[in-house]
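The values are calculated or read from the model by the stated rules, or taken from the named source; none is laboratory data. Here the structure is a predicted model, which means the values were calculated and not measured. So basically every Cβ, Gly included, is an ideal-geometry build from the backbone, and we count neighbours across all protein chains shown. We work out accessible area using only protein heavy atoms, side chains counted, and drop any ligands, DNA or RNA first. Shrake-Rupley method; radii C 1.70, N 1.55, O 1.52, S 1.80 Å.
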Amino acid sequence: ARPRAGHRRTMLAAAAATVTTVGAVVGILLATSSGSPGGDAPRADASASAPLTTDPATAPTADPTPDSTPSATVEGTSRPQSLPPGAHREAGGFAWATPEGWRRDVKTGAEVHYTSPDGTQELVGKSSLARGDLLKTWQTSERNAHQGQDYRKIRLEETTFRGHPAVVWEYTFTLQGVHWHARLLGFNVDGTSYQINTWYDSGIEPEALRTYEKVKDSFTVL
């Protein structure tokens, strides 16, 4: 039993290291000299700070029990905002329903990552102060994105998300022989910019997109 447990920990550590490296590449693609999409996208050094020396199978996360219980109301005040089934609140001023059993990493108070147990998909939710035109900011990022190996833009365009102005950026790249697919969604609400992002191994696209769509559907600005 011990060799098997050790092998499992080794595989989980390798998966965590791979996804962290992917996160670093996505951070490089997002980073620009004048700012990043949404204002504070993770740079390579920030993404690489995830704890890789600790066994991910047993390591505690920064906040293993996100607040999912609405606070009590006081007579005469408004009722707490209702959330979609399974959604929990994050410090960044939003709530979402994330898959059970995924590893949680808090990068900053307003940015949180969830990684699948096998390391083939990562979900990111974040918020920041809105800065300038969102599309122009992301277009600047895209022009600097070609340093990624086999980078290929699929689309970068304006859209809406629940009636709010939004931008979607979709692209692929290669890392260590694996083809990765990134889908980024940014939108502004009342002076705050939010992002709902994912990157995943292209070989699991149908499953990854189902997961991403469920998370997006549950995303709620608080």
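List of remarks:
- Enumeration of residues in segment 106-120 that are over 15 Å from I196 (Cα atoms) and not polar (S, T, N, Q): G109, P117, D118, G119
Residue by residue, here is whether (1) in contact with a strand residue (DSSP E or B) (Cβ under 7 Å, 6 or more places away or on another chain); (2) at pLDDT 95 or above; (3) within 16 Å of L222 (Cα to Cα) holds:
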{"residue": "S82", "(1), (2), (3)": "no, no, yes"}
{"residue": "E90", "(1), (2), (3)": "yes, yes, yes"}
{"residue": "W96", "(1), (2), (3)": "yes, yes, yes"}
{"residue": "Y114", "(1), (2), (3)": "yes, yes, no"}
{"residue": "E158", "(1), (2), (3)": "yes, yes, no"}
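- Every pair of residues 6+ apart whose Cβ atoms lie under 7 Å, when the first sits in segment 151-180 and is open to solvent by 30 Å² or more (accessible area, probe 1.4 Å) while the second is assigned to a strand (DSSP E or B) and of a type in the set (S, T, N, Q): R152/T172; I154/T172; H164/N188; P165/N188; H179/T172
- All positions within segment 104-127 that are open to solvent by 20 Å² or more (accessible area, probe 1.4 Å) and assigned to a loop (DSSP other than H, G, I, E, B): G109, A110, P117, D118, T120
- Filter result for Q149 (polar (S, T, N, Q) and at pLDDT below 95): yes
- For first residues located in segment 92-116 and over 21 Å from E213 (Cβ atoms) and free of Cβ contacts under 8 Å to residues at least 24 places away in the same chain, partners that are of a type outside the set (S, T, N, Q) and open to solvent by less than 30 Å² (accessible area, probe 1.4 Å) and lie 6+ apart or on another chain with Cβ distances below 8 Å form the pairs G109/G92.
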